[in-house]
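This report refers to the structure that appears directly beneath it.
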Amino acid sequence: MTSEQWVKACAASDIDREDVVRFDCGESTYAVYRTEDDGYYATDGHCTHGRFHLADGLVTGKTIECPKHNGRFDIPTGEAKRAPACVRLRTYPVRVDGGCVYIRIDGGDASTGDAT
Ligand code: FES
């Protein structure tokens, strides 16, 4: 049995289209995205290559480019798309409710549907 833990990350309007913001909760840090088609997504905040924060990166379409070495990830799935990034980013379920963005941070992976 899983216990869902949704946390409010920010207002939906806090993120411009094709942009990303940082969200910290406890000792964890996340990157929250808004894509060009108004999709909202969340991943681990740190790049899997060098732990540089992706909130300082560049969103193009549904891709985030790390600001450190220009590795790229697919935002919805977390798949690594360009070296030197080669390990997938963890993704988190997101919902928008009442103009606020919520992330489910209690385990589970948005791209695989796995729950822990
Ligand atoms: S730290 Fe992100 S690609 Fe190297």
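The values are calculated or read from the model by the stated rules, or taken from the named source; none is laboratory data. Note that the structure is predicted; figures quoted are calculated from it, not measured. Here Cβ is always computed from backbone atoms with ideal geometry, including for glycine, and neighbour counts include all displayed protein chains. Surface areas here come from the heavy atoms of the whole protein model, side chains and all, with no ligands, DNA or RNA. Shrake-Rupley method; radii C 1.70, N 1.55, O 1.52, S 1.80 Å.
Only residues that are of a type in the set (S, T, Y) and more than 20 Å from A9 (Cα to Cα): list them for segment 45-86, please. Within segment 45-86, T48, T60, T63 meet the criteria. Taking the numbered list (1) closer than 26 Å to E4 by Cβ; (2) within 16 Å of the ligand (Cβ to nearest atom); (3) open to solvent by less than 10 Å² (accessible area, probe 1.4 Å) in turn, G71 passes all entries but (1). Can you tell me which residue within segment 32-54, out of those that are of a type in the set (A, V, I, L, M, F, W, C) and within 12 Å of the ligand (Cβ to nearest atom), is farthest from R90 (Cα to Cα)? So, considering only residues that are of a type in the set (A, V, I, L, M, F, W, C) and within 12 Å of the ligand (Cβ to nearest atom), the one farthest from R90 (Cα to Cα) is F52.
Screening F23 with (1) open to solvent by 30 Å² or more (accessible area, probe 1.4 Å); (2) outside any loop (DSSP other than H, G, I, E, B) gives one miss only, at (1). The residues of segment 85-101 that are under 12 Å from the mean Cα position of the chain (by Cα) and either more than 23 Å from E65 (Cβ to Cβ) or modelled with pLDDT under 95 (or both) amount to a single one, P93.
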